[in-house]
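The values are calculated or read from the model by the stated rules, or taken from the named source; none is laboratory data. The structure displayed is predicted, hence computed values, not measured ones. Glycine also receives a Cβ, built like all others from the backbone with ideal geometry; neighbour counts cover every protein chain displayed. Ligands, DNA and RNA are stripped out before the accessible areas are found, and what is left, the full protein with its side chains, is counted by its heavy atoms. Shrake-Rupley method; radii C 1.70, N 1.55, O 1.52, S 1.80 Å.
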Amino acid sequence: MPTPRPAAPQPDQAHWWRSAVLYQVYVRSFADSDDDGVGDLRGLVARLEHLAWLGVDALWLSPVTASPNADWGYDVADYCAVLPEYGTIDDLDQLIATAGAAGIRVMLDLVPNHTSDRHPWFVESRSSVDSERRDWYVWADPQPDGSAPNNWVSSFGGPAWSLDPASGQYYLHNFLPEQPDLNWWNDGVRNAFDDICRFWWDRGVAGFRIDVCNMMIKDAALRDNPPATEDDPFIMQMFGQRPIYNGNRPEGHDILRRWRTLAGDYAPERVLLGETNVDTLENLAAYYGSGDDELHMGFNFPFIEAPFEADALADIVARTEALLPSGAWPVWTGSNHDVSRLATRWCEGDPAKVRLALLMLLTVRGTPVLYQGDEIGLTDRVFEEHELLDPVGVRFWPYYPGRDPERTPMPWDDGPNAGFTSAGVTPWLPLADAPMHVAGQRAEPGSVLHLVRDTIALRRRTPDLLAGAYRRLPAGDGLWAWRRGSATVVALNLSAERGEVALPGATGAVVIGTDRAREGSPVGDALALDAWEGVVVTSRG
Ligand code: NOJ
């Protein structure tokens, strides 16, 4: 049982998530307690000590619900049952209780856009055109020539429609054919999800990360998507169309408002964190509604996809600050189970850059979300074609290896299987190539892990870092510096050259830095930074 920590300075418990550090657990790859090579809930409970020591406030667990795993849990067969490989609902209750005792809340992943094709709802829907649940999914007749009802393509490639030979109709799937899309125009679907939300929230689940929450409602007339233009993002050009009718519909906001009202029935209010994978910050801002009636937070994909360059990142932060409605709260992340890890994508495995990226994530204004392994600077693994399990990698190889590279098991120590599972067991995915692990870094005060832990602790005791306004400060090329609140400055050098940030009239000291030796040193009018160095300074003036 982890040692309870002193309570964080959270004057406003209702808004705990604003001062929180969230941590994404990809359960399958976190810790295996029963030697089947697959991470599970008991394994996670056994490793809570690490998370409490690190100082995170809440976990988001990737789906733990029953699933045939065509898409590793994102094809749900029962929204109220735990996948047996991961344990039982009692194990989940135990996790919520044990984590809660250590001051850590637990959020789950809600997958409302689609179910598994094995979900009893779809089995019933498919059984007959007259089935009571026929309209719970998106069914449509073929065009006169027998082809799919319209031109929509799946986010995972190929047509978004599959023919059901028995009924002669097509069903819609914005992802795999094994993931039929629900019909969110149907009130029965809406009511069923109200019940699912209550089921988990009543058990103490602190909120949901909501999968593809921008695609739930589809155009009622099933109009063709227009062709992509050369000004559209690469992904739209690759698919040849702009997805304006198979998702991103204005009517989808009704569902979020409905859930926000439901979440407000709980104390503290249950948190809605959307996977808002939209192309513009304007579209992202829309998912916050008027600031307090839709999502509490929406993931910022333009930030995740930006290059690791001062102006690119600073521009997204500034525009996000300007575009979010008043009262809305940003969320920042650099890695997740769908994108190459920040240590690889942004930092090319360079430890100096990794430190800088993590310091940045933990000090911009908003809620940071770390993905398991970020705290030790874990990098992607390079996969061979025959090793791939992700259906997306299998489909797009060799152009895209899919998402296995960022989903490898968590390396805990230098023992067999890096402590993820026992000796002699084959982990479900091979371990990462890099020899880094949690135990090694915990024993080394100068490690990335200690930097992350100490920066989290600094946030907790520094009101400026939790809630202070963000204001960019003038600085030269490759430099990004900003003030938080009244007395805190963050200065980062995202370049290979030494640089200097002017802080006219400032007196203060470095409170944390990527170069730990610098901490405590005084800061005056000018702050010199080595290549890829970052510091947080308390500064008056
Ligand atoms: C986004 C999830 O993060 C991803 O892993 C999944 O494949 C798709 N949504 C479909 O559910």
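General observations
- Measuring spread by the Cα atoms of the stretch 361-463 yields a radius of gyration and Dmax of 16.3, 50 Å.
- Space enclosed by the convex hull of the alpha-carbon atoms of the stretch 74-184, per residue, Å³: 125
- Computed from point charges on the beta carbon alone (+1 for Lys and Arg, -1 for Asp and Glu), the dipole magnitude for the stretch 390-541 about its Cα centre is near 720 Debye.
- Residue among Phe301, Thr344, Leu473 farthest towards the positive dipole end of the chain, charges placed on Cβ: Leu473
- Sparsely packed chymotrypsin sites (Phe, Trp or Tyr not before Pro) within the stretch 199-232, loop by DSSP, other Cβ within 10 Å at most 13: none
- Percent breakdown of C-alpha pair distances by 10 Å bin, ordered from the shortest bin, for the stretch 430-520: 14, 38, 32, 14, 2, 0
- Here the extension length gained between Ala457 and Ser147 equals 105.8 nm, from 0.36 nm per residue of separation less the Cα-Cα distance.
- Computed label-point distance, nm, for sites Ser486 and Ala140 using a 7 Å Cα→Cβ extension: 5.8
- Percent RCO, i.e. relative contact order, over the stretch 120-172, from Cα pairs under 8 Å lying at least 6 residues apart: 30
- Over the stretch 120-172: Rg over Rh, Cα atoms, Kirkwood Rh: 0.98
- With a Förster radius of 41 Å applied to the beta-carbon distance between Ala469 and Thr426, the computed FRET efficiency rounds to 0.20.
- Accessible area of the stretch 64-194 divided out per residue, in Å², using a probe of 1.4 angstrom: 36
- Comparing the chain with the 2.2 N^0.38 Å rule of thumb, its C-alpha radius of gyration ratio is 0.97 (two decimals).
- FRET efficiency for the pair Val382 and Cys80, taken as 1/(1 + (r/R0)^6) with r the Cβ-Cβ distance and R0 = 35 Å, rounds to 0.35.
- For the stretch 264-371, the Cβ-based charge dipole about the Cα centre amounts to some 460 debye (Lys, Arg positive; Asp, Glu negative; other atoms uncharged).
- Fully extending the segment from Arg518 to Leu323 would add 66.6 nm, taking 0.36 nm per residue of separation and subtracting the current Cα-Cα distance.
- Normalising the average separation of contacting C-alpha pairs (under 8 angstrom, six or more residues apart) by the number of residues puts the relative contact order of the chain at 12 percent.
- Solvent-accessible area per residue for the stretch 407-505 (1.4 angstrom probe, square angstrom): 41
- Full extension of the chain segment joining Glu444 with Trp53 gains 139.3 nm, where the gain is 0.36 nm per residue of separation less the Cα-Cα distance.
- Accessible surface for the stretch 226-276, divided over its residues, is 49 Å² per residue with a 1.4 Å probe.
- Only the Cβ atoms of Lys and Arg (+1) and of Asp and Glu (-1) were treated as charged; on that basis the dipole of the chain about its Cα centre amounts to roughly 1860 debye.
- Within the stretch 262-305, the ratio Rg/Rh, alpha carbon atoms throughout and Rh by Kirkwood, equals 1.04.
- Inter-label distance, Glu497 to Asp224: 5.2 nm, where each label sits 7 Å from its Cα along the C-beta direction.
- In this calculation the C-beta distance from Ala528 to Tyr400 is compared with R0 = 56 Å, giving a FRET efficiency of 0.85.
- Projecting the Cα atoms of Phe239, Thr488, Thr421 onto the charge dipole of the chain (Cβ charges, centred on the Cα centre) puts Thr488 farthest toward the positive pole.
- Global form of the stretch 469-540, assessed from the alpha-carbon gyration tensor, a/c cut-off 1.5: oblate
- Apolar share of the accessible surface for the stretch 373-499: 55 percent from carbon plus sulfur atoms, 1.4 Å probe.
- Distance in nm between pseudo-label sites at Glu251 and Arg203 (7 Å out along the Cβ direction from Cα): 3.2
- Alpha-carbon centroids, the stretch 152-207 and the stretch 493-525: separation in whole Å: 51
- Debye-sum result for the stretch 380-433 in log10 I(q)/I(0), which assumes one identical scatterer on each alpha carbon, at q = 0.20, 0.30 Å⁻¹: -0.68, -1.13
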